[in-house]
């Protein structure tokens, strides 16, 4: 994703573009998988943890990133492909897979979270659907 494409995403989501925000968004996009705060800190090196966390919170509030509670108790972040920026609707909500061996969290973008009917009075704010098991690489090692 080019700087211009990231800047365009920021404009769509009402986010002012700064150097640090561009670097963080690029790292999330280029990773190809959801990243934790510590992983982002290791990748970025020159940006302190508090700046990364503030930026991730801004991205979350602006619906630019998904927040995923992964199978290892860690919160991970990924760029959201949703086109809804002003409300809680997210047509990009999809499943994630956590490998219990290599501890990778993988997006299953083609598998959307199913519609859940809640009892009267309940209001859903978000959903996190995580499948745990072995990724193909780790499954081969077990055989």
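The values are calculated or read from the model by the stated rules, or taken from the named source; none is laboratory data. Bear in mind that the values here come from a model prediction, so they are computed numbers and not experimental data. Cβ: placed from backbone, ideal geometry, glycine included. Neighbour counts: every protein chain shown.
Is it the case, given these coordinates, that residue 110 is loosely packed, with under 10 Cβ neighbours inside 10 Å, touching a strand residue (DSSP E or B) at 6+ places or on another chain (Cβ under 9 Å) and farther than 17 Å from residue 69 by Cβ? In short, yes. Hey, could you check the stretch 2-23 for residues that are free of Cβ contacts under 8 Å to residues at least 60 places away in the same chain and outside any helix (DSSP H, G or I) and say which is surrounded by the most Cβ atoms within 10 Å (Cβ to Cβ)? The residue in question is 15. Filtering the stretch 124-133 to residues that are more than 15 Å from residue 78 (Cα to Cα) and either part of a strand (DSSP E or B) or at pLDDT 90 or above (or both) leaves 131, 132, 133. Hey, any hits in the stretch 44-60 for a residue that's in contact with a helix residue (DSSP H, G or I) (Cβ under 6 Å, 6 or more places away or on another chain), at pLDDT 85 or above, under 16 Å from residue 27 (Cα atoms) and assigned to a loop (DSSP other than H, G, I, E, B)? Yes - at least one qualifying residue is present in the stretch 44-60.
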